[in-house]
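Only the coordinates and a few stated rules stand behind these numbers; no lab work does. All values reported here derive from a predicted model rather than from experimental measurement. We place every Cβ from the backbone using ideal geometry, glycine too, and count neighbours over all the protein chains shown.
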Amino acid sequence: MRISKHILPVIVISQFCCTSLWFASNGVMNDLVRNFQLPDSALGHLTSAVQFGFILGTLLFALFTIADRISPSKVFFACGLIGAMFNLGLLWEGNGLVSMVVLRFLTGFFLAGIYPVGMKIASDYYDKGLGKSLGFLVGALVLGTAFPHLLKGFTQLLPWRTVILIISGLATLGGTLMLLLVPNGPFRKPSASFNPSAVAKVFKDSEFRSASFGYFGHMWELYAFWAFVPFLLSMYAENHSEFVINIPLWSFIIIGIGGPACVIGGYLSMQFGPKKTATSALLLSCLCCLASPLFFHFNSPILFIGTLLLWSMLVIADSPLFSTIVAQKAPAEARGTALTIVNCIGFAITIVSIQLLTHLREVMNPNYLFTLLALGPILGLIALKGKSKK
C-alpha cells in the first residue's frame, strides 16, 4: 500500500513541536526558582508533576480507549492546543510552587494525547518497518524534550518568558499540522465502543508482557537521567572549576543526541530484530549506570561530556523498539490502548526514580547516586531473558 511521502515527516515534526512542552520548566528552571522564590527541590517536584499528569492522562485515555474510538489526529490536535495553554500559565506573576505544580500536572495530562497517540498514528500508517518509523518518532520526542534547554542555552540573554511563549507556539503549530495533514491511517481499525477489558486483554500475550517489562526497566533510568543532566554537568563544573561549561547548551546536546540514536536503533532493528537490538542497548546503558562514579574523576571535560553523550544515546535507543513490539503484539483494535497503558505504567515508574534521586542527593555522595539507575535495566533484562524473536 502506497503511503504519501509527507505523512511521516509531518508526524515527526508535530511530535517534536508538541513534546517540547515536556521539559519546558526544566529549560528555565533557574529563572523560575529566582523569580518565584522556589525551593531547590523544585526540579524534582515540577518534573514529577508532569509525569503524574501524564500517568493519570494515559490511564484515563487507555480505560476509555480514546485513541481507538476517536480519530487520533483530532485527539492529538486538541491535546496539543490545551497543553500549550497550560504551559502559558507559567507566565502568571502570581505563581508559586503549588500553582506551578498544578500547571505542570495539567500539561502532563494532555501530553497523554500526544506521545502515545503519535505512535498510534504512525502504527496506523506503517505496518512493515514500524521500528524504523517509531525510531524517527521517538527521536522527535527526544529533540522536543531537549529543545527548551537549547532555547535557553543558545543565548543566556534570551528571556525565560520568551522561551515559554515559543514552546507554546510550537505545540499549537504541531497539533494543527497533524489535524490538517494526517488523516486516519489505512491500518487503523477503530474500536466501536467503550471496552474496559481491553487493558487486561493486551497483557495476555507473553511477548507483549516481556517487551512491556523491558520498557518499564528502561523508563526507571531514562527520565531520571534526562532530568538530572544539568545537575550532572553542574556537579562536574563545581569539582573542576578550571573548566567553563555552558550547562543549558550541553544539556540540549546531551539529551538531543538521543534523537539520532533512536533512528540508528530503528535501522539496526531491521537487521537484527527489535528485541535483540533493544536488549543490547538496555544492557549497555545499565553498564553506564554502574560505571558512572568513574565519570566524575575524568580531568578532561571532553571525556566527561563524551561519556554522557554515549550514555544518552544508549539510554533511549531501545525505547522505540519496545514500543514497536508492543504495537505489533497488541490487537489492531486495541493498539492505541496498549501503547497508552504501557506508557502509563512506565511513566509511573519514572516518578519513583526521579523522587528517589531528588531525596538521596542530599544524603549520599552524589558521585554514586546514578548507580541506583541500574536497578531498572537489570530487572528489564531479566524480564527479556528467554528465546529471542524478531
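Key figures
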quantity	calculated
Dipole magnitude of segment 54-183 about its Cα centre (Cβ charges: Lys, Arg +1; Asp, Glu -1), debye to nearest 20	100
Cα centroid separation - segment 75-141 against segment 333-358, whole Å	14
Cα lying deepest toward the dipole's positive end in the chain, options TYR368, GLY256, LEU284, charges on Cβ	LEU284
Gain on full stretching of the segment that runs from VAL352 to SER234 - 0.36 nm per residue minus C-alpha separation	40.2 nm
Estimated inter-spin distance, PHE64 and PHE272, nm [label 7 Å along Cα→Cβ]	4.2
Overall Cα dimensions of the chain - principal axes, largest extent first, Å	59, 49, 36
Sum of -39500 (n - 2.57) over DSSP H runs of 4+, divided by residues of the chain (222 nm, nearest 500)	-24000 deg cm²/dmol
For segment 284-344, the Rg and Dmax computed from alpha carbons only, in angstrom	17.1, 55
Range in the chain, longest, excluding exposed GluC sites (Glu not before Pro) [loop by DSSP; at most 11 other beta-carbon atoms within 10 Å]	94-241
Label-point separation, SER99 to THR307 (7 Å along Cα→Cβ), nm	4.3
Loop chymotrypsin sites (Phe, Trp or Tyr not before Pro), segment 66-152, which have at most 15 other Cβ atoms in a 10 Å radius of their Cβ (DSSP)	TRP92
Across LYS128/LYS189; LYS74/LYS275; LYS120/LYS201; LYS128/LYS275, pairs whose alpha-carbon gap is larger than 21 Å	LYS74/LYS275
